[in-house]
Amino acid sequence: MTTKLEFDNPKLASQLFGPQNQHLKLLAERIGVKIESRGNALTIVVPDGEDDKGELAGQVLSQLYAMIKGGKKVYPQDVDFACRILERQPSANVGEVFKEDVYATSGKRTVSPKSLNQRVYLDAIRESDLTFGIGPAGTGKTYLAVAMAVGALMRREVKRIILTRPAVEAGEKLGFLPGDLAEKINPYLRPLYDALHDMLDSNRVQEFQETGVIEIAPLAFMRGRTLNDAFIILDEAQNTTPEQMKMFLTRLGFGSRAVVTGDVTQIDLPVHAKSGLLHARTVLQDVKGAQFVTFDENDVVRHPLVGRIVRAYDKHENPEK
């Protein structure tokens, strides 16, 4: 079976197809079809009995083209994200999911949602004083939260950003690592620094840290404080104990909002210890002002292989699913 598509603007069609038809090649490989281009027209060749693949490819291309006509740039990874969204919800409007730019990074790239759950997550952060983002690695939980925090700071909605995570060893003991306490703890906070440096240039990050506008610290340093007018992010929350989680949540002051992120499949606590994130999900599920957003492998926005790795581990650990 073949499906033919023709686009009314050759220049925009070229953007849709990508450099050397890169976007078309990615789409064809992703779905399992053959796509032939001639000028601003396409022919989609579908294997016998798999008409739905042709419909999906046509829908992806049509919706991405509409985005380009609306002034939105399309990157290679957007092709994969659009496929995931439409596979999961064929009636979805990809442009509506992608349309919001959360923040423009120091590299002039914009941070925007790339899945339905990411869009729900961003809406929850705006609407609630406390948001929990729970899901596997690569789903953008921390990255999007940092982007929202930086955006809120730049709009002067908050006066400071506080980023924290528990310093729990994953196979190594802190005591065996070189350096003083600060040097031992710093590697645990590195992912937060990485996200922050993606949003702001290095000089700005350093200036904000020196003036206390941005604080990055281990969770233990939060005890006894009241945090007003702040955007607070607790990362790797699966490695908190219930006592630590309660301590963190009760730091929230006036004019502040908090985002708690974690992956309950990667708990590094001792076997006998209970995860504070799992405990909080049970205790706070019906508390007004708190929202829980759950991600899965369909929301992974790293290399496509990461999503397949997550699915393989999930299948191995839960064979009955």
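The values are calculated or read from the model by the stated rules, or taken from the named source; none is laboratory data. Note that the structure is predicted; figures quoted are calculated from it, not measured. Glycine also receives a Cβ, built like all others from the backbone with ideal geometry; neighbour counts cover every protein chain displayed. Side chains are part of the model used for accessible areas, which takes the heavy atoms of the whole protein and leaves out ligands, DNA and RNA. Shrake-Rupley method; radii C 1.70, N 1.55, O 1.52, S 1.80 Å.
Taking the listed residues Thr110, Thr139, the one that is open to solvent by less than 10 Å² (accessible area, probe 1.4 Å) and under 19 Å from the mean Cα position of the chain (by Cα) is Thr139, with no other qualifying. Looking only at region 235-257, residues that are open to solvent by less than 50 Å² (accessible area, probe 1.4 Å), touching a residue at least 60 places away in the same chain (Cβ under 8 Å), part of a loop (DSSP other than H, G, I, E, B) and closer than 26 Å to Ala137 by Cα come to 2 in all. Going by what's in this entry, would Arg30 be described as open to solvent by 70 Å² or more (accessible area, probe 1.4 Å) and closer than 13 Å to Val60 by Cα? Yes, satisfied.
Look at Gly71 and say whether it is more than 27 Å from Arg155 (Cα to Cα), surrounded by fewer than 19 Cβ atoms within 10 Å (Cβ to Cβ) and either among the small types (Gly, Ala, Ser) or under 22 Å from the mean Cα position of the chain (by Cα) (or both). Give the steps one after another, and end with the answer.
Details: more than 27 Å from Arg155 (Cα to Cα): no; surrounded by fewer than 19 Cβ atoms within 10 Å (Cβ to Cβ): yes; either among the small types (Gly, Ala, Ser) or under 22 Å from the mean Cα position of the chain (by Cα) (or both): yes.
Answer is no for this residue.
Of note, Thr240 satisfies the criterion of being under 21 Å from Ala145 (Cβ atoms), of a type in the set (Ser, Thr, Tyr) and under 22 Å from the mean Cα position of the chain (by Cα).
Where residues in region 283-305 are over 29 Å from Ser256 (Cα atoms) and in contact with a Gly (Cβ under 6 Å, 6 or more places away or on another chain), which of them is modelled with the lowest pLDDT? Outline the logic, then answer.
The first filter runs over region 283-305 and keeps only residues over 29 Å from Ser256 (Cα atoms), leaving 297-298, 302-305.
Remaining after also requiring in contact with a Gly (Cβ under 6 Å, 6 or more places away or on another chain): 297, 302.
On the way: Glu297: 80, Arg302: 68.
Taking the candidates together, the pick is Arg302.
One residue alone among Val287, Val264 is open to solvent by 60 Å² or more (accessible area, probe 1.4 Å) and in a loop (DSSP other than H, G, I, E, B), and that residue is Val287.
So which of Arg160, Arg156 is over 30 Å from Asp314 (Cα atoms), out of contact with any strand residue (DSSP E or B) (no Cβ under 8 Å at 6 or more places or on another chain), open to solvent by 20 Å² or more (accessible area, probe 1.4 Å) and of a type outside the set (S, T, N, Q)? None of the other options fit; the residue is Arg156.
Every residue, every condition in (1) surrounded by 15 or more Cβ atoms within 10 Å (Cβ to Cβ); (2) assigned to a helix (DSSP H, G or I), yes or no:
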position: Ile216; (1), (2): yes, no
position: Phe221; (1), (2): no, yes
position: Val259; (1), (2): yes, no
position: Pro270; (1), (2): no, no
position: Ala273; (1), (2): no, no
position: Leu278; (1), (2): yes, yes
position: Val301; (1), (2): yes, no
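Does Arg311 satisfy the condition of being surrounded by fewer than 17 Cβ atoms within 10 Å (Cβ to Cβ) and closer than 25 Å to Leu122 by Cβ? Against the criterion (surrounded by fewer than 17 Cβ atoms within 10 Å (Cβ to Cβ) and closer than 25 Å to Leu122 by Cβ), Arg311 qualifies.
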